[in-house]
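Participant: Encoded as structure tokens, here's the structure I'll be asking about.
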Amino acid sequence: MKAWTLRAPGPVDGHPLQFNDVPAPVPAADEILVRVSACGICRTDLHIVEGELEIRQPHVIPGHQIVGRVEALGKEVTGFKLDQRVGIAWLHRTCGICAFCQSGRENLCDTPQFTGWTVNGGFAEFAVAPANFAYLLPDGFADIQAAPLLCAGIIGYRALRLTRLDERKDGWAGARLGIYGFGAAGHVCIQLARARGADVYVAARDRERHQALAQELGATWVGDAFAEPPVKLDAAIIFAPAGELVPLAFRALNKGGRLVLGGIHMSDIPSFAYSLIYGERSLGSVANNTRADGREFLAEAARIPIHTHVQTFPFTQANEALIALKHDAIRGAGVLLVNHES
Ligand SMILES: [Zn+2]
Ligand SMILES: [Zn+2]
């Protein structure tokens, strides 16, 4: 099959991904083989390709927002049939027996596998995944529309949960939520938050695409990356991988507010005065997601319904897609068209 493999990590402008002929994967007994239709592009792919995440599998095939159809079933697989449409996401497999897996927190599993990092992902014509970790996708979404739901969407959903806005007296109604960085995750997250009744304040770097899309999706206020929202926020999420945003976001946060960091990698956080976090403000990070998060999110996304804004790239342009992502040149989410007509 044709696939993009990581030659050696390095700046994406140097085209570290190589288009190769490699053997198609063979599904293990509990796995499905999926013919990839479309694969979303995520900032984590960029972190892997540029070496900000350590190499876990040499020459890995990146990509963890895979939409495709079941091509073959391992002999123990039940509950799926050939040609059925499925999604494969970041959480590839967990151990099922560690203390985290046993307590409903499989996102924190001690020995997890991750699609497109520790095992091959979806920048390829075929991919495999354990059947128990694949998702059935709601019918309302076309393949390219569904792909960004599988990481950007699910992580945005989990980040929203970790803001603990659920626990407010009035719930989400009228809650003031800040979003810093407005790429693929931000543009899904705002739609969830708005549908639940929150007012959303967006700070983003790129005016032409990111700020304009935030406006279009109903942000109450939109400002530059380092601008201060006009009101105190009840909670905020930082999706941008920039540690210098942390003190800034704390300054905008009301007493008792919670700041959630949505990325897998972030530049160092500068030191800041204790007074910024005093007043029972708190900080949390999002690590992966559970399968329950994924299923709950997909159901809510179909109900609202979420509309993903996508920018597609031909299969042959994986490096160009990641370059565009790095330089804020994608409006909404980037998607690689694999076995898919553009
Ligand atoms: Zn585990
Ligand atoms: Zn991702």
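Participant: So for region 152-283, what percent of the C-alpha to C-alpha distances run longer than 21 Å?
Facilitator: Counting pairs separated by more than 21 Å, the tail of P(r) holds 31 percent.
Participant: Which whole number of Å³ per residue matches the convex hull of the alpha-carbon atoms in the chain?
Facilitator: Working: hull volume 45.1 nm³, N = 342.
For the chain, the hull spanned by Cα atoms encloses 132 Å³ per residue.
Participant: Normalised by the residues of region 78-190, what does the relative contact order come to in percent, with Cα pairs under 8 Å and at least six apart?
Facilitator: Dividing the mean separation by the residue count of region 78-190 yields 24 percent.
Participant: Using the alpha-carbon centroid of each, what span in Å lies between region 80-101 and region 144-181?
Facilitator: Their Cα centres are 22 Å away from one another.
Participant: Continuing with this model, one more query. Kindly provide log₁₀ I(q)/I(0) values, in the same order as q = 0.11, 0.19, 0.22 Å⁻¹, from the Debye equation applied to equal alpha-carbon scatterers of region 263-342.
Facilitator: One equal scatterer on each Cα of region 263-342 leads to -0.57, -1.08, -1.12.
Participant: Related question: Restricting things to alpha carbons, tell me how big region 86-224 is in terms of Rg and Dmax, in Å.
Facilitator: Gyration radius and largest Cα-Cα distance of region 86-224: 17.2, 49 Å.
Participant: Going toward the positive end of the dipole of the chain, with +1 on Lys and Arg Cβ and -1 on Asp and Glu Cβ, which of V200, I323, G68 do you reach last?
Facilitator: Final value for the positive-end residue is V200.
Participant: Once a ≥ b ≥ c are taken as the square roots of the eigenvalues of the Cα gyration tensor of region 1-159, is the result rounded (a/c under 1.5), prolate (a/b larger than b/c) or oblate (a/b not larger than b/c)? All intermediate terms of the calculation are to be shown ahead of the outcome.
Facilitator: Numbers: a/c = 1.40, a/b = 1.17, b/c = 1.20.
It comes out rounded by the Cα gyration axes.
Participant: Related question: Return one whole number: the accessible area per residue of region 46-167 in Å², for a 1.4 Å probe.
Facilitator: Numbers: 4950 Å² over 122 residues.
I get 41 Å² per residue for region 46-167.
Participant: Moving to a separate point now. Using mean Cβ contacts within 10 Å as the protection proxy, how do 331-337, 213-219, 72-78 order, highest first?
Facilitator: Sorting 331-337, 213-219, 72-78 by mean packing, highest first, produces 331-337, 213-219, 72-78.
Participant: Another question, then. Ignoring ligands, DNA and RNA, please state the percent of accessible area on region 167-225 from carbon and sulfur, probe 1.4 Å.
Facilitator: 41 percent
Participant: With the full set of protein chains in place, find how many percent of the accessible area of region 10-138 is carbon and sulfur; take the probe as 1.4 Å.
Facilitator: Working: 2780 of 5370 Å².
Taking all protein chains in place, region 10-138 shows 52 percent carbon and sulfur surface.
Participant: Taking 7 Å along the Cα-to-C-beta vector as the label spot, tell me the D224-E54 distance in nanometres, rounded to one decimal.
Facilitator: Rounded to a tenth, the inter-label distance reads 3.9 nm.
Participant: Give the span of region 54-130's Cα atoms along each principal axis, as three whole-Å numbers ordered largest to smallest.
Facilitator: 36, 31, 20
Participant: Ok, one more. Along region 130-145, what does the Karplus equation 6.51 cos²θ - 1.76 cosθ + 1.60 (θ = phi - 60°) give for ³J(HN,Hα), rounded to whole Hz, x for Gly and Pro?
Facilitator: 3J(HN,Hα) across region 130-145, in whole Hz: x, 4, 5, 10, 8, 10, 7, 9, x, 5, x, 9, 5, 3, 6, 6.
Participant: What shape does region 138-212 have by the C-alpha gyration tensor, where a ≥ b ≥ c are the square roots of the eigenvalues, rounded means a/c under 1.5, and otherwise prolate means a/b greater than b/c and oblate the rest?
Facilitator: Oblate, because a/c is 1.5 or more while a/b does not exceed b/c.
Participant: Before rounding to the nearest 500, sum -39500 (n - 2.57) across all DSSP H runs of length at least 4 in the chain and divide by the residue total; then give [θ] at 222 nm in deg cm²/dmol.
Facilitator: On the way: 9 runs with 74 residues, N = 342.
So the helix-based figure for the chain works out to -6000 deg cm²/dmol.
Participant: Right, next: Mind grabbing the accessible area of W117 for me, 1.4 Å probe, Å², rounded to tens?
Facilitator: 30 Å²
Participant: Take every Cα pair under 8 Å in region 159-315 that's 6+ residues apart, average their separations, divide by the length, and report that relative contact order as a whole percent.
Facilitator: 21 percent
Participant: Can you compute the charge dipole magnitude of region 200-342 about its Cα centre, using +1 on each Lys and Arg Cβ and -1 on each Asp and Glu Cβ, nothing else charged? Give it in debye, rounded to the nearest 20.
Facilitator: It comes to approximately 300 debye.
Participant: Moving on to the next point. Quick one: among P27, P229, P270, which has the greatest mean-square fluctuation in a GNM of the chain with alpha-carbon springs under 10 angstrom?
Facilitator: P270
Participant: Oh, and also: Using only the heavy atoms of the protein chains and a 1.4 Å probe, how would D224, D45 rank by accessible area, largest first?
Facilitator: D224, D45
Participant: Still on this structure, I have one more. Choose one of G174, L283, I238: the residue whose Cα lies farthest towards the positive end of the charge dipole of region 154-294 (beta-carbon charges +1 Lys, Arg; -1 Asp, Glu; about the Cα centre).
Facilitator: Positive-most Cα among the choices belongs to G174.
Participant: Right, here's the next one. Compute, for the chain, the length of the dipole vector about the Cα centre, with Cβ point charges of +1 (Lys, Arg) and -1 (Asp, Glu) only. Units Debye, rounded to 20. Write down the numbers at each step before the final one.
Facilitator: Details: 32 positive and 35 negative charges, 152 e Å.
The dipole magnitude comes to about 740 debye.
Participant: Only Cα pairs under 8 Å and at least 6 apart count here; give the relative contact order of the chain as a rounded whole percent.
Facilitator: Once normalised by length, the contact order is 19 percent.
Participant: Let me ask you something else. Just to compare against my own numbers: the Cα pair-distance distribution for region 185-226, 10 Å bins, whole % per bin, please.
Facilitator: All Cα pairs considered, the percentages come to 33, 58, 9.
Participant: Cα to Cα, under 14 Å, and not fewer than 8 places away if on the same chain: which aspartates and glutamates meet these conditions relative to K255?
Facilitator: D234, E280
The values are calculated or read from the model by the stated rules, or taken from the named source; none is laboratory data. Being a predicted model, the structure only gives us computed values, none of them experimental. Here Cβ is always computed from backbone atoms with ideal geometry, including for glycine, and neighbour counts include all displayed protein chains. Accessible surface is based on the protein model in full, side chains and every heavy atom, while ligands, DNA and RNA are left aside. Shrake-Rupley method; radii C 1.70, N 1.55, O 1.52, S 1.80 Å.
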